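Below is one structure, written out as structure tokens; the observations come after it.
The values are calculated or read from the model by the stated rules, or taken from the named source; none is laboratory data. What you see is a predicted model; the values in this text were computed from it and never measured. Cβ placement follows ideal geometry from the backbone for every residue including glycine, while neighbour counts extend to all protein chains displayed.
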Amino acid sequence: MAKTNYFQPQIILGIETSCDETAAAVVQKDGERVKILSNIVASSAEIHAKYGGIIPEQAAREQLKSIIPVINEALIQSNLCPPSPKKHLLSSTIYRPAIDAIAVTYGPGLIGSLLVGVETAKTLALVWKKPLIPVNHLLGHFYANWITDTHLPGVKAHLEGVPKFPLIGLLVSGGHTDLVLMKDHGKYEYLGGTRDDAAGEAFDKTARLMGLPYPGGPQISRLAEKGDPSAFKLPRPMMTTDDFDFSFSGLKTAVGNIVKAIDIQNPNSMADLAASVEEAIADVLVKKTITAALKFNIKQIIVAGGVAANKKLRQKLGEEVKTQLSRGDLFFPPPSLCTDNAAYIATSALYHYKPIESLSVQANPGLTLFRK
Ligand code: KG4
Ligand code: ZN
């Protein structure tokens, strides 16, 4: 990356409110190490679980309730605050935390949820006179792979160090499935993405058809452990097409038909179906990612997003990297950093700081990876 001669923040407060998680975290950069000083996530997922999906209005209301307590707690736990008073740091206009900048997710996501984080971050940036760094949530997910010290007892993110460019990035979240070729921080080429459902959405929608609560990915994954992945023949659309696009919508049609034909009260059938769904999704993701690495002669792969927590995907991609990429390297964040949190938003900001006017930052619900 080109050397810059302006200020580079080392300690950042991150704020993430793109969907149903309200998150704040403080991270600190020290050379190549990125350490989490605090990482707080409040989720309204339980409220949405019974509806089988997120209710945007409800998610925004929950964001409003949680945002201040969550940021307050992140500042307290970071130990960057004066020893006392530790009750409510944001109530003091004199108090200014020892952070260098504030990072906030500005899109994509639900507009009501995004606005809560963006407007709060703008206000704090003005009051505390700190720079504000807007972060693309999708790009942010990848930066969970640059966190070296997770702040969780016994959990190191990457003992072998941080990813090296160039690399192939696979983003698999609830709303997005994208493949990018990353040449450096802030320099990437979009290779392809899903034409319909995202990988996480495929998990969530098939889980719903199977009568499982939202979010469906962890539910299917748990059930799949006792199932036979070859029990049901499920489609793997676009797996061998000559591009880097994906399509997962056919999977829910196939699962819908199977659900009508089997006894879903039978735990063995459910486990077999879950294992077959997981296998089908993992097969497509692994095949396209390895094909991209081979085509562009890339040795490093990073995976990010909620679905990156999936054990089957981790295992299958690990095996393929070993057999197909000589001296290849594969990075997955620890499972707890795959799903939405503000630690990776702050980490992404460590590498993408540009001086901008805080008030110019606007929530952008339709942001993508190919429109920077
Ligand atoms: O990245 P994320 O937390 O939120 C978005 O930005 O969308 O991803 C949430 C998605 C959900 O679809 C959820 O079902 C899926 O990640 N997910 C999983 C697992 N854990 C979360 N999918 C498969 N296996 C898992 N273990
Ligand atoms: Zn996400």
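At a glance:
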quantity	calculated
Helices (runs of 4 or more DSSP H) wholly inside the range 310-362 that include at least 1 residues being under 24 Å from A275 (Cβ atoms)	311-324, 335-338
Filtered residue count, the range 49-60, keeping only those that are touching a helix residue (DSSP H, G or I) at 6+ places or on another chain (Cβ under 8 Å) and in a helix (DSSP H, G or I)	5
Residues (within 19 Å of I11 (Cβ to Cβ) and either among the small types (G, A, S) or in a helix (DSSP H, G or I) (or both)) located in the range 97-116	A98, A101, A103
Hey, S269 among the polar types (S, T, N, Q), surrounded by fewer than 23 Cβ atoms within 10 Å (Cβ to Cβ), farther than 30 Å from A25 by Cβ and away from ligand 1 (no atom under 14 Å from the Cβ) or not	yes
Matching residues in the range 113-145 - criterion: being of a type in the set (F, W, Y) and modelled with pLDDT under 95	W128
Pair list, Cβ under 6 Å, 6 or more apart: the range 328-350 residue at negative phi and not assigned by TED's automatic domain parsing to the domain that holds V286, other residue among the hydroxyl-bearing types (S, T, Y) and buried (at least 23 other Cβ atoms within 10 Å of the Cβ)	Y344/Y143; I345/T105; T347/Y143; S348/Y143
Which listed residue is within 26 Å of L325 (Cα to Cα), away from ligand 2 (no atom under 16 Å from the Cβ), surrounded by fewer than 21 Cβ atoms within 10 Å (Cβ to Cβ) and not assigned by TED's automatic domain parsing to the domain that holds A49, from G186, G193, G211	G186
Residue match in the range 147-155 (condition: more than 17 Å from the chain's Cα centre (by Cα), away from ligand 2 (no atom under 16 Å from the Cβ) and buried (at least 17 other Cβ atoms within 10 Å of the Cβ))	yes
Verdict on T241 being out of contact with any Cys (no Cβ under 8 Å at 6 or more places or on another chain), under 15 Å from V286 (Cα atoms) and without any contact (Cβ under 8 Å) to a residue 40 or more places away in the chain	yes
Count of residues meeting criterion [within 20 Å of D178 (Cβ to Cβ) and within 15 Å of ligand 2 (Cβ to nearest atom)] in the range 336-363	9
Total residues in the range 291-306, condition of a type in the set (V, I, T) and either at pLDDT below 95 or out of contact with any strand residue (DSSP E or B) (no Cβ under 6 Å at 6 or more places or on another chain) (or both)	1
